[in-house]
Amino acid sequence: MQLGKLSLINLLMEEGEEDSAVLLAGSDLPDTLDTDRDLPALRALGIDEDDLRTLLPAVTGGPDRGPGLSADAAAALDRTISERWAALVAGWTGART
């Protein structure tokens, strides 16, 4: 099955899985994910088949940010991901944010 990377990021954020969402956002995975092709890389990010089965029924639309996501909401999502990514990197490197 194919799904948009940003759609999956958004779903992970909604489910409170911010760390997984940030890791996915910072990954080199393509904008359109193929669950068969990309499963090993998703597993490495902590997203396994059970997680996908739980989340995928809610996925609709293509590789965009999902239907109904306003420009303001998309910008807020981008900021949140950026801030969480910075915090994770700071934690890994010992830097202060």
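Quick rundown of the values:
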| item | result |
| --- | --- |
| Candidates S7, S82 - the one that is in a helix (DSSP H, G or I) and at pLDDT 80 or above | S7 |
| Those residues of the stretch 34-57 which are modelled with pLDDT under 90, in contact with a strand residue (DSSP E or B) (Cβ under 8 Å, 6 or more places away or on another chain) and among the hydrophobic types (A, V, I, L, M, F, W, C), in sequence order | L56 |
| Hits in the stretch 85-97 (condition: assigned to a loop (DSSP other than H, G, I, E, B) and at pLDDT 65 or above) | G94, A95 |
| The stretch 64-77, residues that are modelled with pLDDT of 75 or more and of a type in the set (D, E, K, R) | D72 |
| Qualifying positions in the stretch 20-50 - part of a helix (DSSP H, G or I) and farther than 24 Å from V89 by Cα | T35, D36, R37, E49, D50 |
| Residue identified as assigned to a loop (DSSP other than H, G, I, E, B) and either modelled with pLDDT of 85 or more or buried (at least 18 other Cβ atoms within 10 Å of the Cβ) (or both) among G61, G16 | G16 |
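The values are calculated or read from the model by the stated rules, or taken from the named source; none is laboratory data. Quick caveat: nothing in here was measured; it's all calculated off a predicted structure. Note: ideal-geometry Cβ built from the backbone for every residue, glycine included; neighbour counts use all protein chains shown.
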